[in-house]
Amino acid sequence: MLYILYIVVALLALLLLIAVIIKKNYTIISEVVIEKEKDVVFNYIIYLKNQERYNKWIVEDPKVKIVYTGTDGAVGFTSAWESGKRDVVGEQELTAIMPGEGYTSELRFEKPFKGVSHTKVTARAITPSQTKVTTVFNTRTEFPMSAMIPLLKKMLLKDMNVTAQNLKRVIEAKH
């Protein structure tokens with residue numbers, strides 16, 4: 001019985017050590033090639049309301065409450081959400097638009113944890129009829145949750161890749 005206690009204490013100490021020494025800032029990148037012209041892709045991704053059709057978290061949460069503020073596709077446009085499925089509350093604001101190329105946004109989370117993340121989404125022509133969409137997600141996770149960064153990165157990348165594949169399917173079917 002004493003050995004089990006030592007093992008548990010050792011595992012907790014290891015997790016705390018990882019949480020203290022692990023890099024707190026991290027970046028996740030997801031890419032997808034869409035069989036459409038760059039202008040078609042850009043003119044779709046720039047409107048955050050379109051995320052209702054392809055964003056994994058929105059698509060899988062039919063009871064999500066979304067409130068839009070401002071002009072979609074313009075700097076300052078905000079999409080605020082409250083999950084109907086999970087205890088998640090936050091908002092995304094367009095912070096910059098690179099005409100014909102993409103946008104940057106700030107994600108602000110209130111629940112389950114307060115935090116701010118940044119995204120950059122770009123569309124780059126590979127050929128006249130192929131476009132690569134790259135989503136770069138930058139965030140910071142503080143101690144003690146920083147111990148979970150390796151797990152969070154894996155989970156978020158998987159979800160971002162699902163979103164990218166959904167985007168590909170929607171745009172290729174739509175146009």
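Side notes on the structure shown:
- Filter result for GLY84 (within 18 Å of ALA123 (Cα to Cα) and assigned to a loop (DSSP other than H, G, I, E, B)): no
- Of all the residues in the range 126-146, those that are touching a helix residue (DSSP H, G or I) at 6+ places or on another chain (Cβ under 8 Å), modelled with pLDDT under 95 and part of a strand (DSSP E or B) number 1.
- The one condition in (1) surrounded by 13 or more Cβ atoms within 10 Å (Cβ to Cβ); (2) within 19 Å of VAL32 (Cβ to Cβ); (3) out of contact with any Phe, Trp or Tyr (no Cβ under 8 Å at 6 or more places or on another chain); (4) at pLDDT 95 or above that LEU167 fails to fulfil: (3)
- Among (1) surrounded by fewer than 15 Cβ atoms within 10 Å (Cβ to Cβ); (2) small (Gly, Ala, Ser); (3) in a loop (DSSP other than H, G, I, E, B) - the single one ALA96 does not satisfy: (3)
- The residue pairs whose first member lies in the range 150-172 and is closer than 13 Å to VAL59 by Cα, whose second member is surrounded by fewer than 16 Cβ atoms within 10 Å (Cβ to Cβ), and whose beta carbons are closer than 6 Å, counting only pairs six or more residues apart or on different chains, are VAL170/ARG53.
- Residue within the range 109-125 that is polar (S, T, N, Q), over 19 Å from TYR44 (Cβ atoms) and either touching a helix residue (DSSP H, G or I) at 6+ places or on another chain (Cβ under 8 Å) or not in a helix (DSSP H, G or I) (or both) present: yes
- Filter result for the condition that a residue is within 19 Å of VAL162 (Cβ to Cβ) and β-branched (Val, Ile, Thr), over VAL59, VAL67, VAL89: VAL59
- Scanning the range 42-56 for residues that are over 15 Å from THR163 (Cβ atoms), in contact (Cβ under 8 Å) with a residue 40 or more places away in the chain and not aliphatic (A, V, I, L, M) gives a single hit, PHE42.
- Filtered residues of the range 48-78 (kept if of a type outside the set (S, T, N, Q), assigned to a loop (DSSP other than H, G, I, E, B) and over 16 Å from the mean Cα position of the chain (by Cα)): PRO62, LYS63, VAL64, GLY70, ASP72, GLY73, ALA74, VAL75, GLY76, PHE77
- Residue count for the range 41-89 under the criterion of being of a type in the set (Ser, Thr, Tyr) and either in contact with a Leu (Cβ under 9 Å, 6 or more places away or on another chain) or on the phi > 0 side of the Ramachandran plot (or both): the result is 5.
The values are calculated or read from the model by the stated rules, or taken from the named source; none is laboratory data. Quick caveat, the model's predicted, so the values are computed rather than measured. We place every Cβ from the backbone using ideal geometry, glycine too, and count neighbours over all the protein chains shown.
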